[in-house]
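The values are calculated or read from the model by the stated rules, or taken from the named source; none is laboratory data. What you see is a predicted model, and the numbers here were worked out from it, not measured in a lab. A quick note on method: Cβ atoms are made from the backbone with ideal geometry, for glycine too, and the neighbour counts reach across all protein chains shown. Areas reflect the complete protein model, heavy atoms only, side chains present, ligands, DNA and RNA absent. Shrake-Rupley method; radii C 1.70, N 1.55, O 1.52, S 1.80 Å.
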Amino acid sequence: LVARILHVYSYLYIPFLVAPMLIAILIDLKLSIIVNFILTLAVSIMTNGDLQYIYMALASGTFASFMVFKSSQRSTISASGIMAALINVVLVACFGIINKSQLRTIALDSLIIIANGFISTIVTMGMLPFWEATFNLITPLKLMELSNPNQALLKKLMIEAPGTYHHSLMVGNLAEVAAENLGANA
């Protein structure tokens, strides 16, 4: 729907990184890549098969999916948005050179696509808690929030039963190492 509205102005405004990043974080990497491919094809029909859009959406969407998959920090999501934007800047510059566009046009398109990367990252981080709560999904980011020692229950356990708290941390660390060695989701 957003692509339908924004493609009238320019396909550079379409936030095509949001869906692949959200799906990679919430569900699965493979599904994220498949959805990115399908969405790219669907939106490319709106853009009349513009090759620049197709290459940008496929390359940066796939890259962003790989970057955010199993990320445990919000800074990884930010970094993936910035890196995807830089990939798109390179693609915009390459297509600009191929099409013999003016340097001013290439620079303006690059600024738009950098802003698109930032906005896509902000929208992804903003929508993530909503989708986690709606579908009761536990992501590594949610687990990091729950393991904060300032949580009321953990604080109470630390004060009232410090031995149990310490023992729980040690067992949790052992279980994490064991899961990583087995290749499970730690």
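Here are the numbers:
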quantity: Hey, Ser110 in a helix (DSSP H, G or I), surrounded by 13 or more Cβ atoms within 10 Å (Cβ to Cβ), small (Gly, Ala, Ser) and free of Cβ contacts under 8 Å to residues at least 12 places away in the same chain or not; calculated: no
quantity: Subset of region 45-65 (residues that are hydrophobic (A, V, I, L, M, F, W, C) and surrounded by 15 or more Cβ atoms within 10 Å (Cβ to Cβ)); calculated: Met46, Ile54, Met56, Ala57, Leu58, Ala59, Phe63, Ala64
quantity: Selection count where residues are surrounded by 10 or more Cβ atoms within 10 Å (Cβ to Cβ) and not in a helix (DSSP H, G or I), scope region 139-171; calculated: 5
quantity: Failed condition for Glu132, given (1) closer than 27 Å to Ile27 by Cβ; (2) among the acidic types (Asp, Glu); (3) over 17 Å from the mean Cα position of the chain (by Cα); calculated: (3)
quantity: Checklist (1) in contact with a helix residue (DSSP H, G or I) (Cβ under 9 Å, 6 or more places away or on another chain); (2) without any contact (Cβ under 8 Å) to a residue 12 or more places away in the chain; (3) not in a helix (DSSP H, G or I) applied to Thr105, failing item; calculated: (3)
quantity: Complete set of residues in region 1-44 that are open to solvent by less than 70 Å² (accessible area, probe 1.4 Å) and either of a type outside the set (A, V, I, L, M) or at positive phi (or both); calculated: His7, Ser10, Tyr11, Pro15, Phe16, Pro20, Asp28, Ser32, Asn36, Thr40, Ser44
quantity: Hits in region 113-125 (condition: open to solvent by less than 30 Å² (accessible area, probe 1.4 Å) and among the aliphatic types (A, V, I, L, M)); calculated: Ile113
quantity: Qualifying residue in region 1-19 (condition: modelled with pLDDT of 85 or more and among the basic types (Lys, Arg)); calculated: no
quantity: Check on Asn181, at pLDDT below 85, out of contact with any strand residue (DSSP E or B) (no Cβ under 9 Å at 6 or more places or on another chain), under 19 Å from Ser72 (Cα atoms) and surrounded by fewer than 10 Cβ atoms within 10 Å (Cβ to Cβ); calculated: no
quantity: Those residues of region 113-138 which are without any contact (Cβ under 8 Å) to a residue 40 or more places away in the chain, assigned to a helix (DSSP H, G or I) and over 20 Å from Ile77 (Cα atoms), in sequence order; calculated: Thr134
quantity: Those residues of region 29-52 which are closer than 18 Å to Trp131 by Cβ and in contact (Cβ under 8 Å) with a residue 12 or more places away in the chain, in sequence order; calculated: Leu29, Ser32, Val35, Asn36, Leu39
